[in-house]
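Derivation of every value follows stated rules applied to the coordinates shown; laboratory data play no part. Bear in mind the structure is a predicted one, so any value in this text is a computation, not a measurement. Every residue, glycine among them, receives a Cβ derived from its backbone with ideal geometry; neighbour counts consider all protein chains shown.
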Amino acid sequence: MKTLVVYYSRTGTTKKVGEEIARQLKADEEEILDVKSRAGLLGYMRSGKEATMRNTPEIKPTKKKPDSYNLVVIGTPIWGWTVSSPVRTYLIRNKGKFKKMAFFCTCGGQSGKAFDAMEHATGKKAVATLVIGEKEIKDMSYSKRVKEFVASLK
């Protein structure tokens, strides 16, 4: 099955998990990139506000075409208890191009309504979801859960 793992990562945490998922799936991967910087406290605050307001900021064009993959796994950090605004932009931009989707997120607390928002943006239900918490990232214990998630996708 031809698979693409797409993720956005402001701090590198979601990227780390996305790279692990792509490695285990032997999948292509693509990082969603911002046009504007989100560094520092102001970037953090702007990110949370955009997510809660359901904004769709400009992102750099992606190279891989999701409609040429059987499965697209999409990862987001949780901002304001929902999907990050760059991922929201990616989902809306590619609505109707996903054959099958799975979602993962990284969060310091709860995932909130992120997966619901992602399904709403695409009009399609995810075949699987994975939430990786801050503690699992810090102690590197997320690998087993990633392995189980990947197994559920095969």
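General observations
- The modelled label-to-label distance for the pair residue 23/residue 147, using points 7 Å beyond Cα in the direction of Cβ, is 1.3 nm.
- Whether the stretch 94-154 is rounded, prolate or oblate, judged on the alpha carbon gyration tensor where a/c under 1.5 counts as rounded: oblate
- Pair residue 139, residue 64: separation of 7 Å Cα→Cβ label points (nm): 3.1 nm
- Normalised contact order of the stretch 1-54, rounded percent, pairs of Cα under 8 Å and 6 or more residues apart: 34 percent
- DSSP-defined antiparallel bridges as percent of all bridges, the chain, nearest 5: 15 percent
- Relative contact order %, the chain, counting alpha carbon pairs below 8 Å whose residues are six or more apart: 23 percent
- Residue 120/residue 33 FRET efficiency (R0 22 Å; Cβ-Cβ; nearest 0.05): 0.40
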